[in-house]
Amino acid sequence: MNVLITGANRGIGLGFVKYYLNQGCKVWGCYRSDLGGLADIESSDLHTVQWDVQEEKRAAELAQMGLPDSLDLLINNAGVYGANQSFETVTTETMKTVFDIDCLGALRVAQALKPRIEKARGTIANLSSKMGSSDDNSSGGCYAYRAAKAALVIVSKSMAIDLAEYGIQVITLHPGWVRTDMTGHGGLIDVTQSVAGMTDVIHRIDEYERGAFVAFDGKIVPY
Ligand SMILES: NC(=O)c1ccc[n+]([C@@H]2O[C@H](COP(=O)([O-])OP(=O)(O)OC[C@H]3O[C@@H](n4cnc5c(N)ncnc54)[C@H](OP(=O)(O)O)[C@@H]3O)[C@@H](O)[C@H]2O)c1
C-alpha cells in the first residue's frame with residue numbers, strides 16, 4: 001500500500017509515517033522545509049518529499065517529485081494553529097494564512113494527486129478538528145483556526161461526493177487533543193493513541209457515511 005502524508009516531519013504526521021511503515025507500507029512523508037523526525041527513520045520504504053501545501057504544484061513539477069503512480073491513501077495532515085486570534089486581535093492576514101494552509105492546502109494537494117489516487121481507487125483523509133465544529137464551540141475565540149477547520153469539513157464533504165465516481169473515498173478526522181507542538185504538549189492523549197484511533201477509522205471507512213466527520217475514538221463529530 002502506498003501512503004502519502006503532508007506535514008510529516010513532526011507531531012501527528014510523523015506518527016502516521018511510523019504507523020504505516022510498521023504496517024509494511026511504502027510511505028511518502030512530506031515536509032515543508034525541515035526533515036525533522038523523518039531524518040531519523042532508516043527505512044527503504046520511506047521517501048521524503050519537500051512539499052509546502054501553500055504552493056500550487058503544476059503537472060511538470062509533480063512529475064519530478066518521485067511520487068508513486070498509484071496512491072492508496074493521502075493523509076492531509078499539515079496544519080497551523082495561528083496566533084493572536086481573539087475578537088480584538090485577529091487580523092485579516094492571520095485569517096487568510098491559516099485558511100490557506102488548513103483548508104486550501106488539503107484541497108490543493110488532493111487536486112494535484114487525484115489521478116494517482118484514482119488509479120488505486122484510494123482514500124483521502126483530511127485532518128480537521130472539533131474546533132471547527134459549531135456544535136462544540138462553547139468558548140468562542142480562535143477565529144482563524146475554527147473558521148479554517150470548519151471550512152475544511154465542508155470542502156472534505158464535497159470532495160467525498162465529487163470523487164466517489166472515481167472510486168475515491170474521503171473522510172474527515174478529528175485527532176483528539178494530542179500532545180504535540182501545536183498544543184504545547186498539553187493534550188489529553190499522545191500521538192500513538194491518536195494515530196491508532198484514526199488509522200482504525202480509516203480502515204473501517206466503509207462503515208461511515210460518505211464524507212463523515214469522525215473522531216479518533218470512532219465517534220461522529222456533530223458540526
Ligand atoms: N494536536 C492536536 O490536539 C490537534 C487537534 C485537532 C486537530 N489537529 C490537526 O492535526 C494536524 C497535525 O497537528 P499536530 O498537532 O501534529 O501539529 P504540529 O505538531 O504543529 O505539526 C504541524 C505539521 O504541519 C506542518 N505544516 C504547517 N504548515 C505547513 C505548510 N504550509 N506546508 C506543509 N506542511 C506544513 C508542519 O511543518 P513545519 O515543521 O514545517 O512547521 C508540521 O509538520 C493539524 O492539521 C492540526 O490542525 C491537531
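We did not get these values from a lab; they are worked out from the coordinates using the rules stated. In this text the structure is predicted, and so the values were computed from the model without any measurement. Using ideal geometry, Cβ is built from the backbone for each residue, glycine included, and neighbour counts are taken over all protein chains shown.
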- prompt: By how many degrees, 0 to 90 and rounded to 10, does the Cα axis of helix 143-163 deviate from the longest principal axis of the chain?
  reply: 40
statement: Computed for the chain: size of charge dipole around the Cα centre, +1 on C-beta of each Lys and Arg, -1 on C-beta of each Asp and Glu, debye to nearest 20, value 160
query: So how far, in whole Å, is the C-alpha centre of segment 48-96 from the one of segment 20-37?
result: 15
Distance in nm between pseudo-label sites at HIS185 and ASP135 (7 Å out along the Cβ direction from Cα): 3.4
- prompt: Within segment 91-159, how many Lys pairs sit with Cα atoms under 22 Å apart, leaving out pairs fewer than 8 places apart on the same chain?
  reply: 9
query: What whole number of Å gives the distance from the Cα centroid of segment 111-159 to the Cα centroid of segment 179-223?
result: 13
- prompt: Residue-wise, which Karplus ³J(HN,Hα) couplings in Hz belong to segment 172-185, taking 6.51 cos²θ - 1.76 cosθ + 1.60, θ = phi - 60°, and x for glycine or proline?
  reply: 10, 10, 10, x, x, 9, 10, 6, 9, 4, 4, 9, x, 6
task: Name the shape class, rounded, prolate or oblate, that the alpha-carbon gyration tensor gives for segment 97-160, where a ≥ b ≥ c are the square roots of its eigenvalues, rounded holds for a/c under 1.5, and otherwise prolate holds if a/b is larger than b/c and oblate otherwise.
output: prolate
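With a ≥ b ≥ c the root eigenvalues of the C-alpha gyration tensor of segment 132-223, is it rounded (a/c under 1.5), prolate (a/b larger than b/c) or oblate? Walk me through the numbers on the way to the answer.
Working: a/c = 2.20, a/b = 1.31, b/c = 1.68.
Oblate, because a/c is 1.5 or more while a/b does not exceed b/c.
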field: Extension reserve of the MET65-MET1 stretch, reckoned as 0.36 nm per residue once the Cα distance is removed
entry: 21.2 nm
- prompt: How much mean residue ellipticity at 222 nm does the chain get from its helices, if each DSSP H run of length 4 or more adds -39500 (n - 2.57) and you divide by all residues, to the nearest 500 deg cm²/dmol?
  reply: -10500 deg cm²/dmol
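Rounded to whole Å and sorted largest first, what semi-axes of the equivalent ellipsoid does the C-alpha gyration tensor of segment 41-164 yield via the square root of 5 times each eigenvalue?
Values: eigenvalues 174, 55, 34 Å².
Output for segment 41-164: semi-axes of 29, 17, 13 Å.
Once the Cβ-Cβ distance between ASP100 and GLU42 is put in as r, and R0 is 41 Å, what FRET efficiency do you end up with, to the nearest 0.05? Mind dumping the intermediate values first?
Details: r = 34 Å, r/R0 = 0.84.
Efficiency computed from Cβ-Cβ geometry: 0.75.
Tell me which trypsin sites (Lys or Arg not before Pro) from segment 57-138 have a DSSP coil assignment and no more than 16 other beta carbons within 10 Å of their own. Don't skip to the end; give the middle numbers.
On the way: sites: LYS57, ARG58, LYS96, ARG108, ARG116, LYS119, ARG121, LYS130; in loops: LYS57, ARG58, ARG121.
Filter output for segment 57-138: ARG58, ARG121.
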task: Report, in degrees rounded to the nearest 10, the 0 to 90 angle that the Cα long axis of helix 11-22 makes with the longest principal axis of the chain.
output: 30
field: Binned Cα-Cα distance frequencies in segment 2-215 - 5 Å width, integer %
entry: 1, 7, 15, 20, 22, 17, 10, 5, 1, 0
- request: Report the full-extension gain for the segment GLN23 to GLN54: residue separation times 0.36 nm, less the Cα-Cα distance, to one decimal in nm.
  value: 8.2 nm
